[in-house]
Amino acid sequence: MIRLGPGSKILVIRASAVGDVLNTLPAVEALRAAYSDSFIGYLADERSFDLVAGHPAINRAHFFPRKRWLGFLKHPFQWGALAREVGRFARELRDEGYGVSVDLQRNLKGGVLGLLAGAKLRVGLARPFAKEGNQFFNPVRVLPPSEAVHFTEHFLAVVRHLGAEPVHPLFRFPDSPEGARRVGDFLREKGLVRFAVIHPGTSAFGKLKRWPTELFAQLARRLGKELGIPSVIAWGPGEGPVAQSVVAGSAGQAVMSLETRFLLDLVELIRRSALFVGCDSGPMHIAGAVGTPCVALFGPKDPDVYGPYRANHCRIVQPPGGPGPTEGITVESVLAAAASVLGEEGRAAKGENPASQPVKTKRVPA
């Protein structure tokens, strides 16, 4: 184990999707608790920057322009501009004077970014958790214990090597008064008090994890008619047509959400809901983090590794027989999971569920 000195400057690296970055936040909280006088920076890209900019445990968020630079790479005549921007970005990191980089990216990109930052102590994961030669960029390599199954536990193993132990709460988010106002105005306009949030979309990269749109529509219809809870269909950039299709097939039991242009708008909407239903995606991880009862639909991936972390308020639904195409998940199984988690929420409110510590997510039969 390595003990950092007082006033250390630490850069955490995870320029990735929402769920990936969210799963690093317990490690950031552990670093902050262990080194209260440290300066903690976080390097993130446009997909998840809102989660770390203004976060109470983070002193500075560095914006990695992934999408812009990928565009430059496609056009050789822009490579000069790309080189200049990379140089400016490296100077920004080095001017901050980071002595330690904590590489939670695990791939070549993370290794290069840590090298650009110029930190003398570079810490990451060992193989097989490190990919694409990432381990060669990080002289200090941590191998998580065999019982560390979830990715969050891998990240916690890295910071534990730096003397940082997990703390509660595991997840906090930046304050967003504007997001709270926008969501509050929307809910008042629609007359919604107790409602479910359904998020039918996934990233293009995760399209194999999607549940068919018509099944989401059937679910919204039955949530309203059988459980008496209307649905708000959440959507982001490019997901409007899918959300509209779910609303159109809901027989009046669902409405379109406001467009969550800002990630913290979505956080606020999910935080205020009574139930979240969605696929293996960033919004699912948000529901797990904010404590909203949730039903997570898993297809090909293992929820023990990729599911909501230590969330007893979530139910996992998979196809019969385990990992496979999400088309095998039935509306009846999702509806039953929703009724189960909402019923447990009611028992907890009455004091019938004394458990206060988070545990693994629960699976229900499909």
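The values are calculated or read from the model by the stated rules, or taken from the named source; none is laboratory data. All of these numbers come straight from a predicted model, not from anything done at the bench. Neighbour counts run over all protein chains shown; Cβ positions are idealised from the backbone, glycine included.
General remarks:
- Which numbered condition Arg181 misses (of (1) within 30 Å of Ala57 (Cβ to Cβ); (2) in contact with a Pro (Cβ under 6 Å, 6 or more places away or on another chain); (3) without any contact (Cβ under 8 Å) to a residue 60 or more places away in the chain): (2)
- Residues of region 57-82 classified as closer than 20 Å to Ala17 by Cα and either touching a His at 6+ places or on another chain (Cβ under 7 Å) or assigned to a loop (DSSP other than H, G, I, E, B) (or both), total: 3
- Val305 falls short on exactly one of the conditions (1) closer than 27 Å to Arg172 by Cα; (2) in contact with an Asp or Glu (Cβ under 8 Å, 6 or more places away or on another chain); (3) at pLDDT below 95, and that condition is (2).
- Of everything in region 53-84 that is in contact (Cβ under 8 Å) with a residue 24 or more places away in the chain and touching a Gly at 6+ places or on another chain (Cβ under 9 Å), the residue that is nearest to Val167 (Cα to Cα) is Ile58.
Residues are listed down the side, and each one gets a yes or a no for (1) surrounded by fewer than 18 Cβ atoms within 10 Å (Cβ to Cβ); (2) of a type in the set (D, E, K, R):
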{"residue": "Ala27", "(1), (2)": "no, no"}
{"residue": "Ile40", "(1), (2)": "no, no"}
{"residue": "Asp50", "(1), (2)": "no, yes"}
{"residue": "His62", "(1), (2)": "no, no"}
{"residue": "Arg84", "(1), (2)": "yes, yes"}
{"residue": "Gly114", "(1), (2)": "no, no"}
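- Checked against (1) surrounded by fewer than 18 Cβ atoms within 10 Å (Cβ to Cβ); (2) under 23 Å from the mean Cα position of the chain (by Cα); (3) under 30 Å from Lys120 (Cβ atoms), Glu178 passes all but condition (3).
- Test: residue in region 146-155 that is farther than 21 Å from Asp304 by Cβ and under 18 Å from the mean Cα position of the chain (by Cα): no
- Residue selected from region 123-160 under the condition of a type in the set (Asp, Glu) and not in a helix (DSSP H, G or I), by the criterion farthest from Gly288 (Cα to Cα): Glu132
- Qualifying residues in region 30-49 (those that are acidic (Asp, Glu) and not in a strand (DSSP E or B)) - the one farthest from Phe89 (Cα to Cα): Asp37
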